[in-house]
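S.K.: I have a structure here, written as C-alpha cells, and I will follow up with some questions on it.
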Amino acid sequence: MAMSFQCAAEKAAWRDVKQGWRPLYGDVESMGVAVEWHDFRMARPFNWGRTFHPRSLEFCLNLDGRGEVGSAAKVSYTPAAAGYYAVGDEPLPASRRANDHHQFATLEFSRDHLRKQFVESEADLEPQIRRVIFGDKNEAVVGPIRPMSIEQRGVVANLATPPVSKAAQVLWYQSKALELMAHFLFQPKDSEFFCQRQKRVARERVERAKELVARDLVNPLTLELLGQEVGCSPFYLSRMFSREVGLTIPQYLRKLRMERAAELLRTGRYNVTEAATEVGYSSLSHFSKAFCETIGCCPVLYPAARNVILDR
C-alpha cells in the first residue's frame, strides 16, 4: 500500500473525481513535496488549475488524456508527454478535456523546498528552472512539453505500487521523483559538472552513503536523513550516487539486500521466509521477484545453486 499522507488543501479541488485522485507521498504545505496519482474520466471539462499550489513548481507526467495549462500562450498536454509549470501568487489557468481517460502523475514542490535542495547545484540547473527556483519574483512559468521514453512511462505507471516496507517507500519516492524530473532540471553537458576537488568530495559522500545504507538493511535511512548524515542535499546526493555507482540508492539497497539474503540461504540455516525477513521484506512475493531479478534464480532453488555468480 502507498503511504497515507493527507493533502487537505487539495481535497476540495479533487472532490469531483472521487477516487480518481490519490496522494502517494508527502504534502506540499507541510513537507514541501508531494507525489500524486490521477486516474479518472469526467463528462465535462475539469478545472485543473484549482488543484495547483501558489508559489510551487509542478511536474506533470501524462500517460493518457489531454489538458491545457496557461492563459495567453497555452501549452497542451497529450498522451505520453511530460512538462512543468510554475505557479505564482495568482491562479494559473488549466483544464482537462471532457470524456478523456486522464491518467497521470504529478510531482509538486514548493519553491522554498527546492531552493534548499539545489543550493549546491544551482549553476547546473536549466536557466528557466533556475530562475523559477532562485529568482526574486514568484512568476508563473509554463515550461516545454517533451515526449516520455518507454522507461519513463514505466516508472510513472509503477508509482502507485511502491515497496511494501514503509521505511523503503520514502527513499523510493524521493529517488523516483528526481529520476523523472532530472531531464528538465539540468543543462546537458559532456564534461563533469564539478572541478576535481568537488568530484573528490562527491565521491567521499557517496562512499559514506554506501556505508550508511549497508549498516541497516531492514530499516534504511530516508534520502533526507542520508543527505544530513553526509552533509549535502538529498537531491544532490541522489544525483551524485547514481553517477558514481551506476545505480540509484533504492537499487543499491535492493542489491545489498539480495546479496545478504543469498548468503543466508547458502548457509542452510535460513528458509526463504526467514531470509526475507532478515533483509527487511514482509512480502514473500516482492522478495521473490527482487531475488530472481537480482540473483537470477528463484530463492527456493538458490540453496542448490552453489556456484551462482553475482554479476550485478
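S.K.: Of all residues being part of a helix (DSSP H, G or I) and in contact with a strand residue (DSSP E or B) (Cβ under 6 Å, 6 or more places away or on another chain) in region 5-60, which is surrounded by the fewest Cβ atoms within 10 Å (Cβ to Cβ)? Just the residue, please. Explain how you work it out, then say what you get.
M.R.: Going through region 5-60, the residues part of a helix (DSSP H, G or I) turn out to be 8-11, 15-20, 28-31, 48-51.
Checking the rest, the ones that are also in contact with a strand residue (DSSP E or B) (Cβ under 6 Å, 6 or more places away or on another chain) come to 17, 20, 28, 48-49.
On the way: Val17: 18, Gly20: 16, Val28: 22, Trp48: 21, Gly49: 20.
Out of the qualifying residues, it is Gly20.
S.K.: Ok, one more. Among the residues of region 209-220, is any in contact (Cβ under 8 Å) with a residue 60 or more places away in the chain, surrounded by fewer than 18 Cβ atoms within 10 Å (Cβ to Cβ), outside the structural domain of Tyr281 (by TED's automatic domain parsing) and closer than 22 Å to Val164 by Cβ?
M.R.: As a first pass, look at region 209-220 and keep what is in contact (Cβ under 8 Å) with a residue 60 or more places away in the chain: 217-220.
When the remaining residues are screened for being surrounded by fewer than 18 Cβ atoms within 10 Å (Cβ to Cβ), the result is 218-219.
Cutting the leftovers down to outside the structural domain of Tyr281 (by TED's automatic domain parsing) gives us 218-219.
Those left that are additionally closer than 22 Å to Val164 by Cβ: 218-219.
Checked region 209-220: at least one residue is in contact (Cβ under 8 Å) with a residue 60 or more places away in the chain, surrounded by fewer than 18 Cβ atoms within 10 Å (Cβ to Cβ), outside the structural domain of Tyr281 (by TED's automatic domain parsing) and closer than 22 Å to Val164 by Cβ.
S.K.: Which members of region 285-302 meet the condition of being surrounded by 14 or more Cβ atoms within 10 Å (Cβ to Cβ), outside any helix (DSSP H, G or I) and at pLDDT below 90?
M.R.: Residues satisfying the conditions are Gly296, Cys297.
S.K.: Using the structure shown, decide if Arg254 is charged (D, E, K, R), assigned to a helix (DSSP H, G or I) and under 19 Å from Gln174 (Cβ atoms). Lay out the reasoning, then the answer.
M.R.: Working: charged (D, E, K, R): yes; assigned to a helix (DSSP H, G or I): yes; under 19 Å from Gln174 (Cβ atoms): yes.
Against the criterion (charged (D, E, K, R), assigned to a helix (DSSP H, G or I) and under 19 Å from Gln174 (Cβ atoms)), Arg254 qualifies.
S.K.: How many residues does region 257-284 hold that are closer than 15 Å to Ala168 by Cβ, in a helix (DSSP H, G or I) and of a type in the set (Ser, Thr, Tyr)?
M.R.: Residues in region 257-284 being closer than 15 Å to Ala168 by Cβ, in a helix (DSSP H, G or I) and of a type in the set (Ser, Thr, Tyr): 1 in total.
S.K.: Right, something else. Take the residues in region 149-170 that are hydrophobic (A, V, I, L, M, F, W, C) and assigned to a helix (DSSP H, G or I); name whichever of them is modelled with the lowest pLDDT.
M.R.: So the residue we want is Ala167.
S.K.: What about Ala177, is it closer than 14 Å to Ala82 by Cβ, crowded, with 17+ Cβ neighbours inside 10 Å and at pLDDT 80 or above?
M.R.: Details: closer than 14 Å to Ala82 by Cβ: yes; crowded, with 17+ Cβ neighbours inside 10 Å: yes; at pLDDT 80 or above: yes.
Answer is yes for this residue.
S.K.: To continue, here is another question. What's the total number of residues in region 61-86 that are outside any loop (DSSP other than H, G, I, E, B) and free of Cβ contacts under 8 Å to residues at least 40 places away in the same chain? First the steps, then the outcome.
M.R.: First, pick out the residues of region 61-86 that are outside any loop (DSSP other than H, G, I, E, B): 61-64, 67-69, 75-77, 81-86.
From what's left, free of Cβ contacts under 8 Å to residues at least 40 places away in the same chain: 67-68.
The total comes to 2.
S.K.: Additional query: Looking at region 221-241, which of the residues that are of a type in the set (Gly, Ala, Ser) and either within 25 Å of Ser282 (Cβ to Cβ) or touching a residue at least 60 places away in the same chain (Cβ under 8 Å) (or both) is surrounded by the most Cβ atoms within 10 Å (Cβ to Cβ)? Outline the logic, then answer.
M.R.: Here is the first cut: in region 221-241, the residues of a type in the set (Gly, Ala, Ser) are 227, 231, 233, 238.
Still in the running and either within 25 Å of Ser282 (Cβ to Cβ) or touching a residue at least 60 places away in the same chain (Cβ under 8 Å) (or both): 233, 238.
On the way: Ser233: 19, Ser238: 26.
Looking at residues that are of a type in the set (Gly, Ala, Ser) and either within 25 Å of Ser282 (Cβ to Cβ) or touching a residue at least 60 places away in the same chain (Cβ under 8 Å) (or both), I get Ser238.
The values are calculated or read from the model by the stated rules, or taken from the named source; none is laboratory data. Nothing here was measured: the structure is a model prediction, and the numbers come from that model. Counting neighbours? That spans all protein chains shown, and the Cβs are built from the backbone with ideal geometry, glycine included.
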